[in-house]
Each structure stands twice: as structure tokens, then as C-alpha cells.
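These notes concern the structure reproduced below.
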Amino acid sequence: MVSNNRLIEGCKAGKQSAYRELYSSYASSMLGVCFRYSRNIDDAEDILQEGFIKVFQKINDYKGTGVFDAWIRRIMVNTAINHYKANLKYSNQLAIDDNKLEDSHNEEFNSKVFIEETVSKIQIMNIVQNLPDGYRIVFNMYVLDGLTHKEISDELKITENTSKSQLSKSRKMLRRLITEKYGEKLHSII
């Protein structure tokens, strides 16, 4: 934590060496966050760069009350979501039918057991990357980042039912993709 405090204070003072050190300390882990929300590594790197610009611009707003890693992560996730929204008109989205909404609250995605016993995290992330953008974004926000459907709907400017529907459909699609790739025996795990 002392190292983070030193870096934060250095950045607030405008020291270039502190900016470089902060970037090199967090770039790798934050690239993983950005990649979850993007279609390819090039987009993820663009989001990462844009996110760090925001981190450096907002560093004076960080009051030290929360975990610094989580503060940076939140900026990266918001930047990725904004990137997604800005490029939404260029991507092909699957239509969502809110009338066929299924209750996704009763459904549990046990990724820990699945990952530990069968497939690596990298293999899972590669499968998640194959989801349509809307499904992938909602899945990431709900399952991996722990946001509620209300928070997702506010962030993406969609209804809560659309968020629930996209999560349910993303899980079904994940099951199908995993079954296709790893066989029928894995279907019961998720």
C-alpha cells in the first residue's frame, strides 16, 4: 500500500516517472479487464489507453477511501462500456425479445468448479469472447463484475428485463458453445 500511496502522490504532483510506474504496475491486469469487454486485443488495447488517460486525469479525485485497484478497475470497465456504446451502431446485435424472458435468478453459473476441473480460465474467456456483444457485456457485468440488473440497466440504458434476458441467453449460448467444444458431459456442469 505504501508503494501505491507513493505512486498516487507522485501522479498527483505530475511526476512523469510516477505515471510510467503506475501504468507498468497495472497495465497487464487491466488489459485483461478491457479484453473481456472487447472483441479483439486491438480494441482492448485502445480501451486500456483511453482508460489510463482517464485514470491520470482523475487521479486527484481519488481520496484513498477505497481500494486503489478497484478504483482503476471501475474506470476501465466504464471506459470499455462507453467504447461498446460508441461502437454499438457498427456492430450486429441479436434482437432481444423481452416477452420471452426467463428468470435467470434461479440459474447458477458455477465457473469455479468448471474451470478447476475441466477447462482453464483462458479457454473460458475465449469462449466468452465468442458471445454476441450484448450478451458478452451483460454476462461480464453480472457474473464477473458483480453488478445487479438495475446497475446494468442504468449503465447500458436498457431495461432490467433486457439485462435479465441477455444474461439468460448468454448462459444458454455458453452452454451450447462449451458442449460443442468440450462434449456433452460438460453440459451438466453449467
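Below, the figures for the structure above:
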| read-out | value |
| --- | --- |
| When residues of the range 118-170 are limited to those that are within 20 Å of ASN40 (Cα to Cα) and β-branched (Val, Ile, Thr), the one surrounded by the most Cβ atoms within 10 Å (Cβ to Cβ) | VAL138 |
| For ASN87: the one exception among (1) more than 30 Å from LYS54 (Cα to Cα); (2) open to solvent by less than 70 Å² (accessible area, probe 1.4 Å); (3) modelled with pLDDT of 50 or more | (1) |
| Flag if GLU45 is open to solvent by 20 Å² or more (accessible area, probe 1.4 Å) and farther than 22 Å from ILE127 by Cβ | no |
| Yes/no for ASP61 being at pLDDT 80 or above, open to solvent by 30 Å² or more (accessible area, probe 1.4 Å) and within 23 Å of ILE152 (Cβ to Cβ) | no |
| Residue match in the range 48-67 (condition: touching a helix residue (DSSP H, G or I) at 6+ places or on another chain (Cβ under 6 Å), over 22 Å from GLY10 (Cβ atoms) and not acidic (Asp, Glu)) | no |
| Members of the range 171-184 found to be aliphatic (A, V, I, L, M) and either loosely packed, with under 15 Cβ neighbours inside 10 Å or over 17 Å from the mean Cα position of the chain (by Cα) (or both), listed by number | MET173, LEU177, ILE178 |
| Every pair of residues 6+ apart whose Cβ atoms lie under 6 Å, when the first sits in the range 1-28 and is farther than 23 Å from ASP46 by Cα while the second is surrounded by fewer than 12 Cβ atoms within 10 Å (Cβ to Cβ) | LYS12/ASN60 |
| Pair list, Cβ under 8 Å, 6 or more apart: the range 174-187 residue modelled with pLDDT under 75, other residue open to solvent by 30 Å² or more (accessible area, probe 1.4 Å) and not in a helix (DSSP H, G or I) | TYR182/THR118; LEU186/THR118 |
| VAL55 being within 26 Å of ASN126 (Cβ to Cβ), open to solvent by less than 60 Å² (accessible area, probe 1.4 Å) and at pLDDT 90 or above | no |
| Condition check for GLU107: acidic (Asp, Glu), at pLDDT below 75 and part of a loop (DSSP other than H, G, I, E, B) | yes |
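Table: residues versus (1) over 20 Å from LEU144 (Cβ atoms); (2) of a type in the set (Phe, Trp, Tyr); (3) open to solvent by less than 60 Å² (accessible area, probe 1.4 Å); (4) at pLDDT below 90.
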{"position": "LYS12", "(1), (2), (3), (4)": "yes, no, no, no"}
{"position": "TYR23", "(1), (2), (3), (4)": "yes, yes, no, no"}
{"position": "ARG39", "(1), (2), (3), (4)": "no, no, no, yes"}
{"position": "GLY51", "(1), (2), (3), (4)": "no, no, yes, no"}
{"position": "THR79", "(1), (2), (3), (4)": "no, no, yes, no"}
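The values are calculated or read from the model by the stated rules, or taken from the named source; none is laboratory data. Quick caveat, the model's predicted, so the values are computed rather than measured. Quick reminder, even Gly has a Cβ in these numbers, built from the backbone with ideal geometry, and neighbours come from all protein chains shown. Ligands, DNA and RNA are excluded from the accessible area calculation, which covers all protein heavy atoms including side chains. Shrake-Rupley method; radii C 1.70, N 1.55, O 1.52, S 1.80 Å.
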